[in-house]
1. So which of Y175, Y104 is closer than 30 Å to V51 by Cα and of a type in the set (S, T, Y)?
2. Just the residues that are modelled with pLDDT of 95 or more and at positive phi, please, taken from segment 274-317.
3. Are there any pairs with C-beta distances below 7 angstrom linking a residue in segment 98-119 that is surrounded by 21 or more Cβ atoms within 10 Å (Cβ to Cβ) to a residue that is part of a loop (DSSP other than H, G, I, E, B) and at pLDDT 95 or above, with the two at least 6 apart or on different chains, and if so which?
4. Which residues, taken from segment 249-285, are in a helix (DSSP H, G or I), hydroxyl-bearing (S, T, Y) and surrounded by fewer than 19 Cβ atoms within 10 Å (Cβ to Cβ)?
5. If I go through segment 94-141 residue by residue, how many of them are on the phi > 0 side of the Ramachandran plot and within 15 Å of the chain's Cα centre (by Cα)?
6. Against the definition (at pLDDT below 95 and either over 23 Å from V152 (Cβ atoms) or more than 18 Å from the chain's Cα centre (by Cα) (or both)), how does E91 come out, yes or no?
7. Output the residue which, of all residues in segment 223-242 that are under 27 Å from the mean Cα position of the chain (by Cα) and free of Cβ contacts under 8 Å to residues at least 12 places away in the same chain, is surrounded by the most Cβ atoms within 10 Å (Cβ to Cβ).
Amino acid sequence: MNINLGTKIRELRKKNGLTQEDMAAKLNITAQAISKWENDTCYPDMAQIPVLANFFGVSLDELFCYDVAQLNKRIDGIIAEARNYFWSAPETCKEIYTDALKEYPANERLLSELLDVYMTHGSSEEALPVAELLVREAKDVFSVCRAKSNLVSLYLREDRYNDAKMVIDTLPEMYPYMLCDKMRQSSYSLKGEDRLAWARDWKIIEIQELYIACELEGRGYWETGKYEEALASLGQYRRVIEMFMQSEEICVNSYLWSGMQTHHWCAYLEEAACLAKLGRTDKAREKIDRAHYILTNCWKEKDGSADYLAENPEKFLEPFRQHYREWELHKLIPCPV
């Protein structure tokens, strides 16, 4: 779908009996800029689009010659296509979004998706201006909060801790339950299979939120030298995971979702680190042994049909080594992998 923005600007300008020079004078821009817009050589800046709509006395929909449902359907298709390449061919994914933004300049959803690609596969130099643009211009609260979260990460990469903290201060403290999102409303209001489908997903998210909150509380205590308190919080982190495991046996199918097993061995290593700081080295070694056991057994199918660790060892071992170093366990005993 072509939005024909240049054609629409020309049509509205002539309808109002204006020359390019007249319009330029009223908007305090150059006639050359208007000429480029009308010839589709370039598009107006995002900030100029509502100004143009107001100048001509039309809605944004009329200015862009589309209806919202049709636009959303087209954007859905672009995003679905691009996501097919997010991991396998990120440069293709970027190209799809950048090409689409030429047709739909400053579309918040496309910019948000492109920002995700830059955050995962690109550089800070690529991501930063997109994040700042979304924070400054986006209207959808979720797009703004998502962009601010990425902006925090980008500032921390550049050791701009205070800037990151200032951005965090502008975020809502927490999305309130009265937001009435689809997941909660379906779980509360629907019945039978309809309720069950949503409640299961909500439960998984809440379990994850709970153990991550315990882990982050433990990190906070660790960073402030309160090792007994850290040990208590990190013990909760581990116990929440174990409470919701589907069996006591350690294998891929013991966990509610892939990745939960990584948190499981992380919890044991972090407990070991606190115990080492408290001088309880024997207990610390037991925790390290348990973490190592989880790592080396949790990526195997119970029936022996697959061993994902053996197929791609570095994918699983290097994060373990990094975490081991981060929590200073190498000062106690060498990393077992």
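1. One residue alone meets the criteria, Y104.
2. The one that is modelled with pLDDT of 95 or more and at positive phi: G279.
3. Filtered contacts from segment 98-119: V117/F86.
4. Scanning segment 249-285 gives T262, T281.
5. Residues that pass the stated criteria total 0.
6. Answer is no for this residue.
7. Among them, the one singled out is R239.
For (1) among the basic types (K, R); (2) farther than 25 Å from M174 by Cβ; (3) modelled with pLDDT under 95, each residue gets a yes or a no:
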| site | (1), (2), (3) |
| --- | --- |
| K203 | yes, no, yes |
| I212 | no, no, no |
| Q236 | no, no, no |
| G259 | no, no, yes |
| T262 | no, yes, no |
| C266 | no, no, no |
| A272 | no, yes, no |
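The values are calculated or read from the model by the stated rules, or taken from the named source; none is laboratory data. Quick caveat: nothing in here was measured; it's all calculated off a predicted structure. Cβ coordinates were reconstructed from backbone atoms using ideal geometry, including for glycine residues, and neighbour counts include every protein chain displayed.
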